[in-house]
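Below is one structure; the comments refer to it alone.
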Amino acid sequence: MDDLAGFLRTRRSRVDPAAAGIPTDSRRRVAGLRREEVAHLSGVSVDYYVRLEQGRATQPSEQVLDALARVLGLDATEQEHLHRLARQPRRRAKAPTGRIRPELLRVLGMVSDAPAIIMDHRMDVLARNRMAGLLYGRPAENLNTARHIFLEEGERGLYAEWESCTLDVVGHLRLAAGKYPDDPRLASLIGELSMGSERFRRLWARADVRARTHGRKAYRHPLVGLLELHQENFSLPDGSGVELLVLSAAPGSPSEDGLRLLAGLAAETESPRDPADVRTRE
């Protein structure tokens, strides 16, 4: 799904030669740096770097990887991804099972005033609380947020900042593909998204990687209108790739009023303390 050679090629093509101290003129036809330029700037032989980009050189040293990261202008997330790709032949992480401890489900159920979900590295929703169900407007069973964004909702659907969301999704899946290259379900998802979405294909070809941490998320809900929320990601320390995501509204904001209204609209038909509000999948 992802490899060191392909990642190096895409990163090389985005480097501005002038910023790297290489004179350019109107006759230059190469996007980014040439392979021999990367080799020279990073202190490795041209032959060795060519073999790296062709997938014929394995196990580059930490020093070589750090030098390449410097020349290619990689950020911390990209540099970690580069090192992970280089280590793949030695050790491949097994894909997590997706099982959730009952104690974590109990914590999820305690979040009552904000949408909250438990998600794995494939962006499958493993569980969600009642407010998340109201936000997404559909059951948690078989809900994958990457599929939801690219194939179901689209740019005029639930996600008010759809283009930004797609960048985050592809960046996260790139990281997951580097960490779990032998996960058949992840490979199947990437294939499905590639077949069904031209935008996904274009973004995937860029090989950008992004770490999910926190940030603004805007939703265009059909019942309560625009919800401008803050997403906080809590990664489990067990290395499972599972995260608890909580979406909150700023106190006193229209979005806080919108979440209250959304909860009130559903309160007429279901109990807010109903334990069935937490739905799980494996």
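The values are calculated or read from the model by the stated rules, or taken from the named source; none is laboratory data. Since this is a predicted model, take the numbers as computed values, not measurements. Using ideal geometry, Cβ is built from the backbone for each residue, glycine included, and neighbour counts are taken over all protein chains shown.
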* Considering each of Ala146, Ala114, Ala140, Ala127 in turn, give the residue that is of a type in the set (Gly, Ala, Ser), assigned to a helix (DSSP H, G or I) and in contact (Cβ under 8 Å) with a residue 12 or more places away in the chain. => Ala146
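Filter the strands (runs of 3 or more DSSP E) completely within region 158-271 down to those with at least 1 residues that are at positive phi.
Here the list reads 214-221, 225-235.
Matching residues to (1) more than 26 Å from the chain's Cα centre (by Cα); (2) assigned by TED's automatic domain parsing to the domain that holds Ser194; (3) within 29 Å of Val170 (Cα to Cα):
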| site | (1), (2), (3) |
| --- | --- |
| Arg14 | no, no, yes |
| Gly32 | no, no, yes |
| Glu36 | yes, no, no |
| Val46 | yes, no, no |
| Ala57 | yes, no, yes |
| Glu62 | no, no, yes |
* (1) at pLDDT 90 or above; (2) more than 24 Å from Ala19 (Cβ to Cβ): which one isn't true of Ala67, the others all being true? -> (2)
* Asked: Considering only region 132-144, how many residues are touching a helix residue (DSSP H, G or I) at 6+ places or on another chain (Cβ under 8 Å) and more than 21 Å from Asp168 (Cβ to Cβ)?
  -> 3
* Structure fact -> Going through region 12-38 in order, the residues found to be surrounded by 14 or more Cβ atoms within 10 Å (Cβ to Cβ), farther than 16 Å from Leu74 by Cα and of a type outside the set (Val, Ile, Thr) are Arg34, Arg35, Glu37
